[in-house]
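Student: Have a look at this one before I ask anything.
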Amino acid sequence: MTAPLPTASYRIQLRGGVDFAAVRERLDYIADLGVSHLYLSPIFVAAAGSTHGYDITDPTRIDPALGGLDGFRALARAARARGLGIILDIVPNHTAFTLENPWLRDVLRHGAASRHAAAFDIDWQAGPLVLPFLPEPFEKLLAEGAFSVRDGLWQFGEMRLPLAPGSDPGQDLRALHEAQHWRLVHYELERDGITHRRFFNVTSLIGMRVEDPAVFDATHALILDLVRQGLVQGLRVDHVDGLADPGAYLRRLRAALPDTPVWVEKILVGDEALPDWPCTGTTGYESGRLIARLLTDAAGLARLDRIWRDATGATADFRDVLQQAKLDVLEHELAAERRQLRDMAAAAAQGSALAEPGPESLREAVTALLVAMPRYRTYLDDGAEPRNAEILRTAADRAAQGLRGRTVLDLVVSLMLEPPNQAGRALARRFQQVSGALLAKAQEDTAGFRWARYLAANEVGAEPDEPTITEPEANDALARGRPGDMVAVSTHDSKRSGDARMRLAAISHDPEAFRALYQAASALPEAQDVAPEWRWYALQSALALWQGDAGSAAPRLADHLEKAMREAKLTSFWSSPDREAEQAAAGFAAAVLRQWAADPPPELARLLVRGAALALAQRAFHMLLPGFPDLYRGDEAPFLALTDPDNRLPLDWQALARADDPKARWTRALLQLRAEHAGFLRRASARIEASAAAIRLLRQDQDRVLGAEILYHQPPAPDARIVLRQAFADGVQLVLFWQGNN
């Protein structure tokens, strides 16, 4: 029998002082909120000191740092006793590329002959496995005597690398190194010289070949066992688009666990719908985007755009910025992936009657096609080839506009759509994996920090140049969802928490207030050494965090601005930071916070009030949209956070338990309502009604309607039975109501 869908889930980020025992201590509090499921970040053995758990080193064991198998069993039993199921986050795409990984150590010793070699996505045809671990070139370190051999291990500092069987410890070190299944190289070679598939541009994570049934079985044995023992009631699949064939993977998972709900982390672009996969739904990026767009004022956003351009001198549209970001990422962060695709295309084109391309023309074609891709990836092997083929052909038409000729471009597309050989099939698979990595790195982690007009829309799964939505578009978006979708506004991957996002949405309602804050901030002496675009970014980030205490906010804001400037990759980079510019931005932000603390401007107060109203409206829609709400830890009360690691700071659980602010009260009341009317919410249709005066979400089953509305300066409908109401100082009301047969 298929497990029932959650009423609501509560996301716990393990590690950082939170282990299974710590979660057990919080179960009474979590259960009393009214959720039905715990949703846990990865629990398997991860790299030492991991702060998140996605860098798994051994998928066959539960991490002793969290409490091990016994600790997890105790947590699962205690959760079940309180009526809570467990949803587990699993990471099939990658493991840690580190010597702590026991399977990888065996591969280093035995190479392609290792019993674990098939588990890793390694290009053995390119030669030994490249290890970009050295701080300086190999030859320099060799000449300095930095390497030695002892106890059958190659040693460098704290590093211990296994030698191949039969290696002669007395051999010349250069010759010994060349006899291994691996090659130590300078870390800079990771840009374009690695020989393993990585997660995005994170060289320290190596891709797993779960498309191989034996690898699937080996990496999922413990996961399946935990579900079959009744310790886990649902799975969340991390980064499904990174897999070679997501549909085939999900079908294999469904066959192994036919009655277990599975949610996929999948970013849908525009009107894209989830493919016809055997899964329960998505993890909710699209719902968070929908809510933010509904609560953004379109007319105010247009005024804000003019203010931003006047203040910063910005002239580019987001699509132009994104295209340049894609080119930059391909030139640097994903240079290795582009080189590999070029070589794979060359192999697939051998003997083609369409063209005889050289390496540079193939590089040009691959680059243009990747840049033109409008979504994260296609699924050419997933039973929907006509639709996916059309996406690829349309992308090729766009790509051709920037080329002198399209013969080689068309060849590359044909090699993927009609593979003439195994090399063509490999090209299609890897191209689809890389297109998703490129869009993620270029949009979320580059362009989203460069083009900072309105940061409420610069979110994972959102489009910065599509910050608003019409009523018909909103209802079309609702129609594309699945009944089992998660609904999320804050996650561990969010660039900003839901409440922080609504603080920023407030500036679309009152752009003149933000203009006044920007002008006052720009008059500060600390502003003179900060470019206008970074002042604009920093001011929004300060607003998103502000809680009246400059001392606690300043270091958090400084850390965020450092990350933002390096992710933007304009003047500061992770590999080569511009510390002077970063410190100037941090100093400016701290000065703004001190200014607000000393003499709070009335414009700030206006934005805070409107932001609170929008945050409460977001909570109501979050709880009532089709699917089920997922609460990120701490977000049951006001939760203002920026991107990780800021959103993983320790929580004050005692303060959460005492929270009696409007958001905390509405959260508990809405969770209770969901539990009491679960049947109604499963059956009820959903529609949005939007106007300049009000935005309504209506759930209807026959003549019974449950609604939430945010009203701008007007009273609620007279025939509604009001369940909850909250009025704000600027004339805004939020109302939860029943109509019809109650």
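The values are calculated or read from the model by the stated rules, or taken from the named source; none is laboratory data. What you see is a predicted model; the values in this text were computed from it and never measured. Reconstructed Cβ throughout: ideal geometry from the backbone, glycine too, with neighbour counts over all protein chains shown.
Student: Determine, yes or no, whether Ala292 is within 26 Å of the chain's Cα centre (by Cα), within 28 Å of Arg398 (Cα to Cα) and either assigned to a strand (DSSP E or B) or of a type in the set (Gly, Ala, Ser) (or both).
Tutor: So Ala292 does not fit the description; no.
Student: A further question on this structure: With a cut-off of at least 3 residues that are surrounded by fewer than 21 Cβ atoms within 10 Å (Cβ to Cβ) and on the phi < 0 side of the Ramachandran plot, name the strands (runs of 3 or more DSSP E) lying wholly within the range 29-80.
Tutor: So the answer is 56-62.
Student: Can you go through Ala612, Ala568, Ala585 and tell me which one is touching a residue at least 24 places away in the same chain (Cβ under 8 Å), touching a Leu at 6+ places or on another chain (Cβ under 6 Å) and either acidic (Asp, Glu) or buried (at least 19 other Cβ atoms within 10 Å of the Cβ) (or both)?
Tutor: Just a single option satisfies the conditions, and that option is Ala585.
Student: Here is a list: Leu671, Leu656. Which entry is under 28 Å from the mean Cα position of the chain (by Cα) and closer than 19 Å to Gly16 by Cβ?
Tutor: Leu656
Student: Just the residues that are among the polar types (S, T, N, Q) and exposed (fewer than 14 other Cβ atoms within 10 Å of the Cβ), please, taken from the range 130-161.
Tutor: Ser148
Student: So, Ala372, is that one over 30 Å from Tyr518 (Cα atoms) and under 28 Å from the mean Cα position of the chain (by Cα) or not?
Tutor: yes
Student: Just the residues that are small (Gly, Ala, Ser), under 18 Å from Ala302 (Cα atoms) and within 28 Å of the chain's Cα centre (by Cα), please, taken from the range 496-530.
Tutor: If the condition is that a residue be small (Gly, Ala, Ser), under 18 Å from Ala302 (Cα atoms) and within 28 Å of the chain's Cα centre (by Cα), then Ala505, Ala506, Ser508 are the ones that fit.
Student: Oh, and also: What number of residues in the range 725-741 are surrounded by fewer than 19 Cβ atoms within 10 Å (Cβ to Cβ), more than 11 Å from Arg699 (Cβ to Cβ), touching a strand residue (DSSP E or B) at 6+ places or on another chain (Cβ under 6 Å) and of a type in the set (A, V, I, L, M, F, W, C)?
Tutor: Residues flagged as surrounded by fewer than 19 Cβ atoms within 10 Å (Cβ to Cβ), more than 11 Å from Arg699 (Cβ to Cβ), touching a strand residue (DSSP E or B) at 6+ places or on another chain (Cβ under 6 Å) and of a type in the set (A, V, I, L, M, F, W, C) within the range 725-741 amount to 1.
Student: Across the range 540-565, what is the total count of residues that are surrounded by fewer than 22 Cβ atoms within 10 Å (Cβ to Cβ) and either touching a helix residue (DSSP H, G or I) at 6+ places or on another chain (Cβ under 8 Å) or on the phi > 0 side of the Ramachandran plot (or both)?
Tutor: Of the residues in that region, 9 qualify.
Student: Moving to a separate point now. Can you tell me which residue in the range 603-627 is nearest to Ala477 (Cα to Cα), limited to those that are in contact with an Asp or Glu (Cβ under 8 Å, 6 or more places away or on another chain) and outside any helix (DSSP H, G or I)?
Tutor: Among residues in the range 603-627 that are in contact with an Asp or Glu (Cβ under 8 Å, 6 or more places away or on another chain) and outside any helix (DSSP H, G or I), the one nearest to Ala477 (Cα to Cα) is Pro626.
Student: Same structure again: Tell me yes or no: at least one residue of the range 110-119 is at pLDDT 95 or above, not assigned by TED's automatic domain parsing to the domain that holds His181 and not in a helix (DSSP H, G or I).
Tutor: Scanning the range 110-119 turns up no residue that is at pLDDT 95 or above, not assigned by TED's automatic domain parsing to the domain that holds His181 and not in a helix (DSSP H, G or I).
Student: Considering only the range 379-395, I want to know if a residue exists there that is under 23 Å from the mean Cα position of the chain (by Cα), surrounded by fewer than 22 Cβ atoms within 10 Å (Cβ to Cβ) and in a helix (DSSP H, G or I).
Tutor: no
Student: Another question about this same structure. Residues being of a type in the set (Asp, Glu) and not in a helix (DSSP H, G or I): count how many of those fall in the range 644-680.
Tutor: Matching residues across the range 644-680 total 4.
Student: Among (1) touching a residue at least 12 places away in the same chain (Cβ under 8 Å); (2) buried (at least 17 other Cβ atoms within 10 Å of the Cβ), where does Ala117 come up short?
Tutor: The single condition Ala117 does not satisfy is (1).
Student: From Leu38, Leu27, Leu14, which residue is touching a residue at least 40 places away in the same chain (Cβ under 8 Å), under 19 Å from the mean Cα position of the chain (by Cα) and closer than 20 Å to Glu636 by Cβ?
Tutor: Residue meeting the stated conditions: Leu14.
Student: Within the range 592-602, how many residues are surrounded by fewer than 19 Cβ atoms within 10 Å (Cβ to Cβ) and assigned to a helix (DSSP H, G or I)?
Tutor: 4
Student: Another question, then. Might you check whether a residue that is among the acidic types (Asp, Glu), crowded, with 21+ Cβ neighbours inside 10 Å and under 15 Å from Gly436 (Cα atoms) occurs anywhere in the range 291-313?
Tutor: No, that holds for no residue.
Student: Sticking with this one: In this structure, is Arg252 of a type outside the set (Asp, Glu), out of contact with any His (no Cβ under 6 Å at 6 or more places or on another chain) and either at pLDDT 95 or above or under 30 Å from Pro4 (Cα atoms) (or both)?
Tutor: For Arg252, the condition - of a type outside the set (Asp, Glu), out of contact with any His (no Cβ under 6 Å at 6 or more places or on another chain) and either at pLDDT 95 or above or under 30 Å from Pro4 (Cα atoms) (or both) - is met.
Student: Can you find a residue that is closer than 22 Å to Arg406 by Cβ, surrounded by 23 or more Cβ atoms within 10 Å (Cβ to Cβ) and in contact with a Lys or Arg (Cβ under 6 Å, 6 or more places away or on another chain) anywhere in the range 366-374?
Tutor: yes
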